[in-house]
Structures are given as C-alpha cells and as structure tokens.
Amino acid sequence: MTNDQTPSRKRNRKPSAEGRESDPSLSGAEAGEGGTAAKTGAVDYGRLLNREQQAVVFAGDGPILVIAGAGSGKTRALTFRVARLLSEGVDPERILLATFTNKAARDMLSRVESLVPGDCGRIWGGTFHHLANRILRSWAHRLGYERSFTILDEDDSRHLVRRCLEDLGMTGEGGARTDRTVRDCISYARNTGEPLTRVIRLRTASRRDRISPEMLERVIERYEARKREGNAMDFDDLLVNLRDLLATVPEALDRYSEQFLHVLVDEYQDTNAVQAEILDLLAGKHGNLLVVGDDSQSIYSFRGANHENILRFPRRYPGAKVFKLETNYRSTPEILHMANLCITCADEQFRKELRPMKESGVKPAFVPLRNPFQQALFVAQRIEELAGAGTAPGEIAVLYRAHHLSTELQMEMTKRGIPFDLRSGIRFTDQAHIRDVTAYLRILENPMDEPAWRRVLLLYRGVGKAVAEKVWKQLAAEGRPLDALLDPGFSGTVQKSAAGPLSGLQALMTALIGGREGPPGPGRCISLILEGGYREYLKDAFSDPGAREEDLARLARYASRFPDPGSLLGELALLGGKDEETETLRREQSRDRVVLGTIHQAKGLEWSVVFLVWCTEGMIPLSRALQEAGGIEEERRLFYVAVTRAKDQLYLCHPAGDSSRGGFRRSALEPSRFVRELVPSSPRLETLPFEEWYVEDGY
C-alpha cells in the first residue's frame, strides 16, 4: 500500500524509465518475494502474480482504490481477487463485478472459473446497465412502471424524439433535424446531474435560434411523457431509475446492499455521477468497495464521465486503502519514459511511474512533415516497409484525435492497396454530408441519376418526400432533367412552398455548369456548393457543422487533383467499396489489416507499432477542447493514452502546414504542446525522449 492516498498537484520531477527485465508471468521467487500468502488452495498466486498484484488480491475488506497504470495487469488483479474470495468460501451471489462492457465481464468470469472451478455463473457480472435491468425487472412497479418495460436503444430513442417533434408541430421549423441534439442533451444531463437548461444552452450554442432552449424543453417534456405512456426506458433511465429505487425504496436498498457483500468495479475513472451514487448506495453499509482505474486515462467526459470520482475516492471513503500497479508488461523502456514524462505535467493526479519489464528498444520518433499529404505518404510507405520486414498488418495502428483527420490517409492507403480496418466511424465517403455534396456532382455527370436528384431535392426547406417525388417525376418526364430544372419557367410549375428554395438550386446548378470559361473543376464545384447554401444547411442539420465543413474542405483539396467530376466520382466509388465485408468477416480478417481509429476507440488496446498523426497544436489538443472546463487536462490524458498503446515502436507525426478555406496556408503550424512540453525535461539532445526524423521529398 502506498502512502499517497490523495492525488497530488503538478510537481517538477523527472521519472526514471529504468526497470528490470523479466518474463511477464514472473517466476515464483521473483513474484512472491515480499508478497502475501503466495499460495492459497490450488492457485499459486506467488507464481502467477507480481507483488503489486498480490497486494491487491490479498487486501482485506473495506474501501480500496487501485490505481492501475497502462499495461499493468489490472484485469489479472481483479480476476485473482474474485478467485481468492471464492476459494475462501464467499457465496458467488454475494459478489458484484461491474464492468463497462459485458464482454469484459464474461472474459473475467471465464478466467475466474479456470482458476476456481465452480458455479461462477451465479456471480453478478456485467455493465451498470445490465445490473440495472436485472434489478428493475423485479422492482420497476415501485417506480410506476410495469415489469415488462421496453428498453429503447439509441435509434429507438431518436425516433421517439422525432415523433414528439411531430406531436408538437415542430417538424416544419427545423425540428425534424434536432432529434440527435435533443437526445444528446437528455443523456448528458441525466448522466452528469447538470441542470437541463444549462446543458441545452451549452450544447445548442452553435445552432440557429429556431432550435431554442424553450423548444427543446417542450420536446423533452413530451419525450418523457411518451416513454411513460409506452412503459419504456432508454439506457439513461436504467441508471437513473436504479439510483432512484435504491435511494427511495428502503426494502430494495436493504436487499441488494446485504446481498452484494463485495462490490468490485473496473475502469472506475469512466464512471459518471449516477453510477458513483449507485455504488455508494450498494456499499454504504459494509464499505467493501474495490475500484480499479487510472486517473491518467479518464477520457470520456463528453459521455458524462466524471474525472473527479476517482480523484476524490479517498475523500469519499475516508480510510480507503490505495494501491498502485506500476509494473508495465506492454511497452519498451523508451516508450514508457515518454509516457511518464508527458503525464507529469497534469495539474492533479495520483503520482505513478510506469516501470518496464521489456527489453530496451528504439526511441519514439517525432516526424515533422510538410502537410497532410506528405504525412499520409510517410505513414503508408513506412507501413509497407514494416510489413516487408515481417510486422503483421494487424500489429500496426494509426491513431488520431478526430475521425475527419484520417481523410488523406484513407485515400493514400486505398490507392496503395494497404488493407485497413476503419474503426473511427463510418467510412469517409459514406458520411451524410459527403454523400450530399457528391450527389450534386453525380447530377452533373449523369442528369438521369434519380437517387442523386432525390437526395439533393430533400436538402431544401419546404421540399419533403412527397414534393421531391412530384418534382423528380416532372423533371424526368422532360427527358433532360437538368435542362428542365434550368428552364426559366420551372419555378412556376412546382408547389408554391418549394418554388423559392428550388430557385436556389437553379442558381447553384447554373454556377456548377459554368459559363464561357468552361465548367469549374471538381474542387471548385465543392466550394460553390458550400457557398450556395450547403454551409447554412450544415449549421441547421448537424451538431458538429465545423468538423463536417472541414471534411468538405479536405474533399475539395483531394478533388482538385482530378480534371472533372466523373474522374473524382469514379475514384470515390472505388474508395467506398473497398471494405464491404460483413462485420463477422471484418473481425476474422482484422489481424491482416492495419487499424485506423480515434484515440478514444484505442483505449484498452495495444499494437506493436503505433502512428499518432496530427501531433499539431489545434488537433491534439483539439482547439474546441481548450474552450471547455478541464478540456486541456483531458486532452493531455488522451495523448498519454495514445502513447501507451505502443509496444515496440511509436511515431509522432506533425504536419507543419495545412489548407484553409482561403487556400494553402504556408505558415508553420506548431507541434502539439504535449510534444513541446517534453523538451524542457530533457536539456541535452541525447536525453530527449524521442528522435527527430526528417523525411525526404520522395515521401
């Protein structure tokens, strides 16, 4: 047990990267030295665990906080603690193991059963939502629900919001496109305990005043009523209702606080306010609450996770024992040295120093590059070199802060035939705003493209499905739809409510066709579409218009390489069709594919080689995060998570220039502050935690 039971403020200290070399499983002598109860029953804990893990496994009752550094074997410690409890005769039904995925719970319980064969199926293991559903099925009637309540998934929830908008007659005022915004506001408010009015104000600041807080409040009120009428709960209701049940129904609290004599929680740094309250209620009588997490890997505040939960645990539970797992089995000493350095700058943290068990390797590489295109070339070519030297593609990952930063890389890897598994969202060409804009280009290339016409027509206010159907039939009947649209008398032939908006479509298509100078290139066409009204549509239709406009700016830059829309569309069609396997096939082939994903999606995973692209100020940390309370600290934790995913090689790529709406911006973009912060800690070149690579123009 450590003496540091509360997190410390930032201090100037240089962590050492030195560690001892050992097999991850550890020999009995090494692991057991100084350990406790090295062998109990049939399980040889001394051989299978290191001393830090043994201390956790054999800690007594009461509140316990385990600060588990990246790659330190926290799952192993949790698994063996459950096995130890069972071997000492604890009834399986008196153990609750809360995780953030049901798969994690299944994996842990399967390992427990391999250690202590028995009826492990009676252990309550799973996510907080799984636990809530199981309890509420017996107690929902005490909260005014029937036991047969329906659970709404995210799509169900959004569709219900949409029906509420229709109930209130708001679909004609931009309301039909607010279902996701409304759902996000509800979810965030319920998970954080923030006042709904404040959440609405913050989350709708970029929207037009048509979508006002007053309107959203009315929709939300109707949404709650419709759920009650339909005996339905959404995912957030499961947590809130479990909390309310335990807080207001004494019989329920007595039943479950008595049953769950041992409560163990994984990834505690990701819990929100409601989940923390549930744990407080369940463990309030006996205090046997063991939570495992890493404050340095708390990166989900956008979902409502509260970083304060883990930082304040010793205050929440006075007398709590604090243990640290700092022995890292994943990464080389060089990578861990950088990880230790980069997190020391955090304002408030539980101080820890990851100690490597692997042999020394190569230093991480910091790679300055001219622009995003050279970055994509470098990463793709380096991947080919690594694969040629024997590194399996599935052991390579390219990580980035936000999905839109993968655009150039996706295109370069597709062109080179490098197989990749895109985990950061739907493919670039399948996103709604990309399909919207390319629909205009498809009409230019093929005026008889009916799906493209329908998609474009529905972008205009006053044009619903019925009107779009009539307009398309009218255009198609002329035989030359584009010419028919551009006829000066066209607006007089359509429904009055649609005439004005469609005159905007006429003007835009005229500009896209071009005049005496000839048709504009595909890159210029995309800019004209944005200027011709689509930029305003982005602000109305999406909660992240800035990121989507940036996507389109990148598409325009890519499109400028092609002589005409047809050439671009052909290339995009091939790009979009490369990975149309089923999800099952994708999983089977993932070991043969390079992984492309956001840092958030990489948490909990590891690869032999990691490329962290866009290590540029404004990209990591993301500019908008700097405007949020606690944003810079969470961005620093994201950087730490990215660094600690790498086992053997780490590349930090920094494009020094980028494009803006006004053209290519030649002025240098600064490297990420998280890279720059590493330099003062290393006054001599040889002590820098990274090597600086300079690539040639061939990249």
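Using only DSSP helix segments of four residues or longer, with each worth -39500 (n - 2.57), what per-residue ellipticity at 222 nm results for the chain after dividing by its residue count and rounding to 500? Walk me through the numbers before you get to the answer.
Working: 31 runs with 319 residues, N = 699.
Computed mean residue ellipticity for the chain: -13500 deg cm²/dmol.
So, taking all protein chains as they sit and a 1.4 Å probe, how much accessible area belongs to residue 184, in Å² rounded to tens?
Approximately 60 Å² of residue 184 is accessible to the 1.4 Å probe.
Quantify how much of the Cα-Cα distance distribution of region 421-559 extends past 28 Å, in percent. Don't skip to the end; give the middle numbers.
Working: 1649 of 9591 pairs.
When every Cα pair of region 421-559 is considered, 17 percent fall beyond 28 Å.
For residue 385 and residue 102, what does the FRET efficiency come to when R0 = 60 Å and r is the distance between their Cβ atoms, rounded to the nearest 0.05?
Details: r = 40 Å, r/R0 = 0.66.
Once rounded, the FRET efficiency stands at 0.90.
Roughly what angle does helix 179-192 make with the longest principal axis of the chain, taking Cα atoms, 0 to 90 degrees, to the nearest 10?
Long axis of 179-192 versus the principal axis of the chain: about 20 degrees.
Which whole-number percentage describes the relative contact order of the chain, with Cα contacts under 8 Å and a sequence gap of 6 or more? Kindly include the intermediate steps, with their values, before the conclusion.
On the way: 1159 pairs, mean separation 125.5, N = 699.
Value for the chain: 18 percent.
I want to check the label-to-label distance for residue 496 and residue 87. Put each point 7 Å from Cα in the C-beta direction and report it in nm to one decimal.
Taking the two extended label points, one gets 8.4 nm.
At 1.4 Å probe size, put 114, 497, 187, 298 in order of accessible surface, largest to smallest.
Numbers: 114 90, 497 65, 187 30, 298 5 Å².
Ranked from most to least accessible, the order is 114, 497, 187, 298.
Keeping all protein chains in place, calculate the accessible area per residue for the chain (probe 1.4 angstrom), answer in Å².
Numbers: 29700 Å² over 699 residues.
Value for the chain: 42 Å² per residue.
Sorted by mean Cβ packing within 10 Å, highest first, what order do the peptides 288-294, 86-92 take? Could the numbers behind the result be given before it?
Details: 288-294: 25.0, 86-92: 14.6.
The peptides rank, most packed first, as 288-294, 86-92.
Calculated FRET efficiency, residue 163 and residue 628, Cβ-Cβ r, R0 30 Å, to nearest 0.05?
Given R0 = 30 Å and the Cβ-Cβ separation, E is 0.40.
Excluding residues on the same chain fewer than 8 positions from residue 285, give the aspartates and glutamates whose Cα lies under 18 Å from its Cα.
61, 93, 244, 251, 254, 258, 277
Could you please put 111, 557, 535 in sequence from largest to smallest accessible area, using a 1.4 Å probe?
Numbers: 111 115, 557 40, 535 65 Å².
From most exposed to least exposed: 111, 535, 557.
Compare the Cα positions of 89, 646, 456 along the charge dipole of the chain (+1 at Cβ of Lys, Arg; -1 at Cβ of Asp, Glu; about the Cα centre) and return the one farthest towards the positive end.
456
Once the whole set of protein chains is in place, how much accessible area is left on residue 129, using a 1.4 Å probe, in Å² to the nearest 10?
60 Å²
Provide the FRET efficiency to the nearest 0.05 for the residue 432-residue 202 pair, computing r from the beta carbons and using R0 = 35 Å. Display every interim value, and only then the final one.
Numbers: r = 24 Å, r/R0 = 0.69.
Working from the Cβ atoms, E equals 0.90.
Relative to the present Cα-Cα distance, how much length would full extension add between residue 122 and residue 217 at 0.36 nm per residue of separation?
Values: separation 95, 0.36 × 95 = 34.20 nm, distance 4.31 nm.
Result for the pair: 29.9 nm of gain on full extension.
Please give the solvent-accessible surface of residue 414 in Å², to the nearest 10, using a probe radius of 1.4 Å with every protein chain present.
Accessible surface of residue 414 is approximately 20 Å².
In the chain, what percent of the accessible surface is made up of carbon and sulfur (1.4 Å probe, ligands and nucleic acids excluded)?
Details: 14370 of 29700 Å².
C and S fraction of accessible area: 48 percent.
Along the Cα→Cβ direction, 7 angstrom out, place labels at residue 691 and residue 450. What is the inter-label distance in nm?
The two pseudo-label positions are separated by 6.1 nm.
Distance between the C-alpha centers of region 362-376 and region 245-311? Whole Å please.
Their Cα centres are 42 Å away from one another.
Taking the 0 to 90 degree range and rounding to the nearest ten, how far is the long axis of helix 235-248 tilted relative to the main principal axis of the chain, both from C-alpha atoms?
Roughly 40 degrees between the two axes.
Using the alpha-carbon atoms, what tilt in degrees (0 to 90, nearest 10) does helix 102-115 show relative to the longest principal axis of the chain?
30 degrees
Taking the Cα centre of the chain as origin and charging only Cβ (+1 Lys, Arg; -1 Asp, Glu), how large is the dipole, in debye to the nearest 20? Each step should come with its number before you reach the end.
Working: 97 positive and 99 negative charges, 171 e Å.
The calculated dipole for the chain is roughly 820 debye.
Distance check, please: which entries in 103/321; 74/358; 74/352; 103/647 exceed 26 angstrom between their Cα atoms? Before the final figure, lay out each step's value.
Numbers: 103/321 29 Å; 74/358 18 Å; 74/352 15 Å; 103/647 24 Å.
Exceeds cut-off: 103/321.
The values are calculated or read from the model by the stated rules, or taken from the named source; none is laboratory data. Just so it is clear, the model here is predicted, and its values are computed rather than measured. We place every Cβ from the backbone using ideal geometry, glycine too, and count neighbours over all the protein chains shown. The area values use the complete protein model at the heavy-atom level, side chains included, leaving out ligands, DNA and RNA. Shrake-Rupley method; radii C 1.70, N 1.55, O 1.52, S 1.80 Å.
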